[in-house]
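Remarks on the structure that follows.
The values are calculated or read from the model by the stated rules, or taken from the named source; none is laboratory data. Quick caveat, the model's predicted, so the values are computed rather than measured. Ideal geometry is used to build each Cβ from the backbone, glycine not excepted, and the neighbour counts take in all protein chains shown. Just the protein is used for accessible areas: all its heavy atoms, side chains included, with ligands, DNA and RNA removed. Shrake-Rupley method; radii C 1.70, N 1.55, O 1.52, S 1.80 Å.
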Amino acid sequence: MLGINLNKVKRIGILTSGGDGPGMNAAIRSVTRFALNEGLKVSGIMRGYEGLLKEEIEDFDHRSVSNIINRGGTILKTARSKDFAEDAGKEAAVKILKKHGIGALVVIGGDGSYKGAARLYEKFGFPTIGLPGTIDNDINGTDQTIGCHTAVHTALEAIDKIRDTAHSMERIFIIEVMGNRSGYIAVEVALGAGAEEVIVPERTFDYDKMVQDIKAGHQRGKISWMIVVAEGAGKAHELATTVTSMTGLESRFVVLGHVQRGGTPLGQDRILATRLGAEAVRLIQKGKFGKAVGILQDEINVIDLKDATHKEFRHLDSFINLIETLN
Ligand code: F6P
């Protein structure tokens, strides 16, 4: 109709959902400020979809997002909601959004959060936009997710410290990193840390070969090893026991866990979050909904939320090969 959107959105809602990640605050700031500057009103929704169902909704102004671009975590807090996972929950959520005059919802989260946002649009017709906020970097349609750079960097800083001990005490270290079903963090970290082995859920791993390599290395006088295991591929403590019994060499394990999710976001994550946040508002202004915003080869990339499902890291095999080659 002459390109005029008669139902123009006047107020947008924003929430963070699933696991927090460094850079989410930068995204919240960008969406909020960009929208306010364009004359839209902004509602900050606390505790993800769970808080939405409990009507934990606050009016946001410029000051609401002051001094957060450099902070880890999310000022909106986040949660995983069982009630929202059901369609009845989504129906209730739409009623609440409408009651608060919210015409579009920006969801910052991982693939689980995206599924909810996609269904809100596809089944219930409620305008949603997704921003990829997860350290796992496992979402289709984007080269990077908000938080993944910082998580890898944080893990590397920890592993550098572990390396000092591994080398001084002549040990094998098994380091478990996060990533849910994805081996992205594991292969990035193993490559960046100069690890000898990496074990990921997407590929089968030859444990016998690893043991032979360790024994052969030991014969040659090698004194320390770093083995990175993705949480989805195995448990570091079990692996340490197995490695010790099969090689006769002393080993220790470290589970980096939630350390990887916290801390000051790196520049890359802040910049990515800021660019994607602004694009989310632009899409809403254009009346384009049910979209996921990402970055491909440093250009903004927009795909349908329903297609922004779980993806495998495209350099997985080449990274694993390189780690093996440089071992
Ligand atoms: O999706 C991010 C992530 O940190 C995964 O890497 C991990 O499997 C999961 O969240 C842990 O979730 P929680 O903090 O709920 O234990």
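All conditions in (1) more than 16 Å from the ligand (Cβ to nearest atom); (2) crowded, with 22+ Cβ neighbours inside 10 Å hold for K10, with the sole exception of (2). As a summary of the residue check, D143 satisfies the conditions (1) open to solvent by 40 Å² or more (accessible area, probe 1.4 Å); (2) out of contact with any helix residue (DSSP H, G or I) (no Cβ under 9 Å at 6 or more places or on another chain) except for the one numbered (1). I227 - would you say it is surrounded by fewer than 16 Cβ atoms within 10 Å (Cβ to Cβ), more than 16 Å from the ligand (Cβ to nearest atom), of a type outside the set (S, T, Y) and outside any helix (DSSP H, G or I)? Considered against the rule, which asks whether it is surrounded by fewer than 16 Cβ atoms within 10 Å (Cβ to Cβ), more than 16 Å from the ligand (Cβ to nearest atom), of a type outside the set (S, T, Y) and outside any helix (DSSP H, G or I), I227 comes out as no. Looking across the range 170-192, the residues that are in contact with a helix residue (DSSP H, G or I) (Cβ under 8 Å, 6 or more places away or on another chain), of a type in the set (A, V, I, L, M, F, W, C), crowded, with 22+ Cβ neighbours inside 10 Å and outside any strand (DSSP E or B) come down to M178, I185, V187, V189, A190. Scan the range 239-267 for residues that are closer than 24 Å to Y184 by Cα and open to solvent by 30 Å² or more (accessible area, probe 1.4 Å) and the total you get is 11. Count of the range 296-327 residues, restricted to those that are part of a strand (DSSP E or B) and either among the polar types (S, T, N, Q) or more than 21 Å from the chain's Cα centre (by Cα) (or both), is 1. Every condition in (1) within 18 Å of the chain's Cα centre (by Cα); (2) more than 26 Å from K306 (Cβ to Cβ); (3) hydroxyl-bearing (S, T, Y); (4) open to solvent by 10 Å² or more (accessible area, probe 1.4 Å) holds for T134 except the one numbered (2).
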